[in-house]
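Notes follow the structure.
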Amino acid sequence: GFAGAQTLEATIPLPAQASARDLLYNPISNKVYTANTPQVGQPPVQSVTILNGATNAVLASLTVADGPRDLCLNTSRNKVYVANYFTDQVTVIAGVTAQILAVVPVGDGPRALCYNSQDDRIYCANEFAGTVTVLDGATDAVVATVAVGSTPRVLCYNATSNKIYVPNAGSQSLSIIAGATNAVIATVPTGVVPRGVGFNPQNNRVYCSNYGSDTVTVVDGATNAVVATVAVGDGPTALFHNPVGNKIYCSNVGAPGPNTPPACTVSVISGATNAVIATLPAGDEPTAFCFSSNNRKIYWVNEWSHTVAVVDAATDTQLQLLPLGSPPVPPVDICYNPINERVYTANKL
């Protein structure tokens, strides 16, 4: 965690051999959750660790089904959902008590989750099944299984138009699901290997990064039409909306793994014009972003450089480059706590 979100304050140990893959901040209870899936060959510690946002104390480490890979918050009911990649289940955790409320069977390879606040539903992308499982937020029962394209790995929710977006990495397409009906209302062609997706609430657009084409597809949230295809850097993956100046950040990681070029980049796309207005230098494999609304700063993790970049949200200038610990650790996710002005990184083994 970073106090004031700019100096290294604490390194919080997780259970032995735990390898954090995802982070979630819960503003209702001021808690931070890590999904811990160990590397292949390590002891099978599959857990969710819960931290106190005020004190950094570990409140609990819950044993869950194999392969916790993604976390999602039901803001209406203060429940946390965990996608268990290797057991085809979703674990439901109470935000207040940290009790496991349910373990729900879903499709093959649950990889990503998102929440629909209008209809109180949770969506789970099943990578190997080519489906999205829809859960009722009140009962946690499965209410629909929606067929999409091949290899869905990420999701995002459009709160303006009440739609769910599913990039299909194996089908070179983006499935759009209506929140009200759970029906696929459009399948939009993308570039090669659509890998990331993000929503811009300032002008109701959705962005899909195409890892194999080095482009970003821009979709109108109201009409489902492709309004632009934007050339970015090599191997675009993570996308993030910066509300300061209405900009979209796209991480360009090249080939995956620790042997990527040490100098990757982040493309900055104007939300108004869909033009790339800046290309920012990054470390080796920038993988996730967060935003401090209090200090108007953007943070991203450089996985194989073992650092966190701190960038002025208005000017896109780098303010700091923070090394992570000694020995260094590879950060794979980041989240922001506005109550205590802290930023947390999830560090893989």
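The values are calculated or read from the model by the stated rules, or taken from the named source; none is laboratory data. No experiment lies behind these values; they were computed from the predicted model shown. As a convention, Cβ positions derive from the backbone with ideal geometry for all residues, glycine included, and neighbour counts pool all protein chains shown. Heavy atoms of the whole protein, side chains included, go into the accessibility calculation; ligands, DNA and RNA do not. Shrake-Rupley method; radii C 1.70, N 1.55, O 1.52, S 1.80 Å.
Among the residues of segment 18-47, which ones are modelled with pLDDT under 85 and either surrounded by 15 or more Cβ atoms within 10 Å (Cβ to Cβ) or touching a Phe, Trp or Tyr at 6+ places or on another chain (Cβ under 8 Å) (or both)? Residues satisfying the conditions are A18, P38, V45. Could you tell me whether segment 68-87 includes any residue that is part of a loop (DSSP other than H, G, I, E, B) and among the aliphatic types (A, V, I, L, M)? So far as segment 68-87 goes, no, none of its residues is part of a loop (DSSP other than H, G, I, E, B) and among the aliphatic types (A, V, I, L, M). Restricting attention to segment 144-162, the residues that are part of a loop (DSSP other than H, G, I, E, B) and small (G, A, S) total 4.
Farther than 27 Å from E303 by Cα, more than 20 Å from the chain's Cα centre (by Cα) and part of a strand (DSSP E or B): is that true of L59 in this structure? No. Taking residues in segment 311-327 that are in contact (Cβ under 8 Å) with a residue 60 or more places away in the chain, and partners anywhere that are open to solvent by 60 Å² or more (accessible area, probe 1.4 Å) and among the hydrophobic types (A, V, I, L, M, F, W, C), the pairs with Cβ atoms closer than 7 Å and at least 6 places apart or on different chains are L322/L8. The listed residues are I277, I339, I298, and the only one of them that is open to solvent by less than 10 Å² (accessible area, probe 1.4 Å) and among the aliphatic types (A, V, I, L, M) turns out to be I298.
Scanning segment 93-105 for residues that are surrounded by 14 or more Cβ atoms within 10 Å (Cβ to Cβ) and not β-branched (V, I, T) yields A94, G95, A98, L101, A102.
Note on segment 117-133: residues that are in a loop (DSSP other than H, G, I, E, B), surrounded by 20 or more Cβ atoms within 10 Å (Cβ to Cβ) and either among the charged types (D, E, K, R) or within 19 Å of the chain's Cα centre (by Cα) (or both) total 1. Being modelled with pLDDT of 95 or more and more than 17 Å from T273 (Cα to Cα) holds for only one residue in T190, T217, and it is T190. Counting only residues that are within 22 Å of T91 (Cα to Cα) and aliphatic (A, V, I, L, M), which one in segment 148-194 is most open to solvent (accessible area, probe 1.4 Å)? Within segment 148-194, the match that is most open to solvent (accessible area, probe 1.4 Å) is V154. The residue list D108, D136 contains one member that is of a type outside the set (A, V, I, L, M, F, W, C), in contact with a Phe, Trp or Tyr (Cβ under 6 Å, 6 or more places away or on another chain), open to solvent by 30 Å² or more (accessible area, probe 1.4 Å) and closer than 27 Å to Q46 by Cβ, which is D108. Residues of segment 72-85 that are in contact (Cβ under 8 Å) with a residue 40 or more places away in the chain and either crowded, with 18+ Cβ neighbours inside 10 Å or of a type outside the set (S, T, Y) (or both): C72, L73, N74, R77, N78, K79, V80, Y81, V82, A83, Y85. Scanning segment 301-336 for residues that are open to solvent by 40 Å² or more (accessible area, probe 1.4 Å), of a type in the set (F, W, Y) and modelled with pLDDT of 95 or more returns no hits. When each of N302, N274 is tested for being farther than 21 Å from I50 by Cα, over 18 Å from the mean Cα position of the chain (by Cα) and not β-branched (V, I, T), the lone residue that passes is N274. D234 meets all of the listed conditions (1) open to solvent by 40 Å² or more (accessible area, probe 1.4 Å); (2) touching a residue at least 40 places away in the same chain (Cβ under 8 Å) but one, namely (2). Here segment 163-203 is the region considered, the condition is being under 19 Å from the mean Cα position of the chain (by Cα) and in a loop (DSSP other than H, G, I, E, B), and the residue that is farthest from E127 (Cα to Cα) is P201.
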